[in-house]
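J.: Have a look at this one.
The values are calculated or read from the model by the stated rules, or taken from the named source; none is laboratory data. This one's a predicted model, so the numbers in the text were calculated from it and none came from an experiment. Glycine gets a Cβ as well: all are built from the backbone with ideal geometry, and neighbour counts include every protein chain shown.
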Amino acid sequence: MDTNRRAYKRDICHRSNIEISLDSYIWHKAVVFDISAGGLKIVTNIIFDVGEDLWFNLDMPEFLSKSQMKIKGTIRRQEDDDEEGMFVYGVSFKDLSESVRIGIDENILLRERMHKKRIEYSE
């Protein structure tokens, strides 16, 4: 029996630049590799510790209320990456309001629909 451990739908095709910060003042670049309403996977050249809290400026132009959101998250795991000097982190979001969580889910569904339409039109 196969059970899904994830509570939220993920956008594994998501590849976009974001900004990350330890203190919400000094920001660094990172790339999102997947995202869900529960968290995200990022790649960056900055070293962080598992358990550390970070701030994320997420740019979601499809999000209905506003395009950029500042969200807090906690690093849950670090993975190896093939590129030298790059680090991959799994992050869980912290203290998200229900409206933001729903907005992220809706953004992911919208991206999926847009992706399916592009595939249909290219065939």
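J.: List the residue pairs whose Cβ atoms are under 6 Å apart, where the first residue sits in segment 19-47 and is under 21 Å from Asn107 (Cα atoms), the second is of a type in the set (D, E, K, R) and outside any strand (DSSP E or B), and the two are 6 or more positions apart or on different chains.
T.: Hits for this filter: Asp34/Arg10; Ser36/Arg10; Ala37/Arg101; Ala37/Asp105.
J.: Of the conditions (1) among the charged types (D, E, K, R); (2) at pLDDT 90 or above; (3) in a loop (DSSP other than H, G, I, E, B), Lys41 satisfies every one except a single condition; which number is it?
T.: Result: Lys41 passes all but (3).
J.: I need a count of the residues in segment 20-38 that are part of a strand (DSSP E or B) and either crowded, with 18+ Cβ neighbours inside 10 Å or within 10 Å of the chain's Cα centre (by Cα) (or both).
T.: Keep residues of segment 20-38 that are part of a strand (DSSP E or B), which gives 20-21, 28-36.
Filter again for either crowded, with 18+ Cβ neighbours inside 10 Å or within 10 Å of the chain's Cα centre (by Cα) (or both), leaving 20, 30-36.
Final tally of qualifying residues: 8.
J.: Shifting gears a bit: Please find, among Met114, Met69, the residue that is modelled with pLDDT under 75, under 18 Å from Ser21 (Cβ atoms) and either in contact with a helix residue (DSSP H, G or I) (Cβ under 8 Å, 6 or more places away or on another chain) or surrounded by 10 or more Cβ atoms within 10 Å (Cβ to Cβ) (or both).
T.: Numbers: Met114 fails: under 18 Å from Ser21 (Cβ atoms).
Selected residue: Met69, the only one of Met114, Met69 that is modelled with pLDDT under 75, under 18 Å from Ser21 (Cβ atoms) and either in contact with a helix residue (DSSP H, G or I) (Cβ under 8 Å, 6 or more places away or on another chain) or surrounded by 10 or more Cβ atoms within 10 Å (Cβ to Cβ) (or both).
J.: Something else: Identify, please: which residue in segment 44-66 is part of a strand (DSSP E or B) and of a type in the set (D, E, K, R) and is, among those, modelled with the lowest pLDDT?
T.: To start, the set of residues in segment 44-66 that are part of a strand (DSSP E or B) comprises 44, 53-59.
So of that shortlist, the ones also of a type in the set (D, E, K, R) come out as 53, 59.
On the way: Asp53: 96, Asp59: 67.
If we take residues in segment 44-66 being part of a strand (DSSP E or B) and of a type in the set (D, E, K, R), then Asp59 is modelled with the lowest pLDDT.
J.: Kindly indicate which of Ile18, Ile35 is β-branched (Val, Ile, Thr), modelled with pLDDT under 90 and within 16 Å of Leu96 (Cα to Cα).
T.: Values: Ile18 fails: within 16 Å of Leu96 (Cα to Cα).
So the residue among Ile18, Ile35 that is β-branched (Val, Ile, Thr), modelled with pLDDT under 90 and within 16 Å of Leu96 (Cα to Cα) is Ile35.
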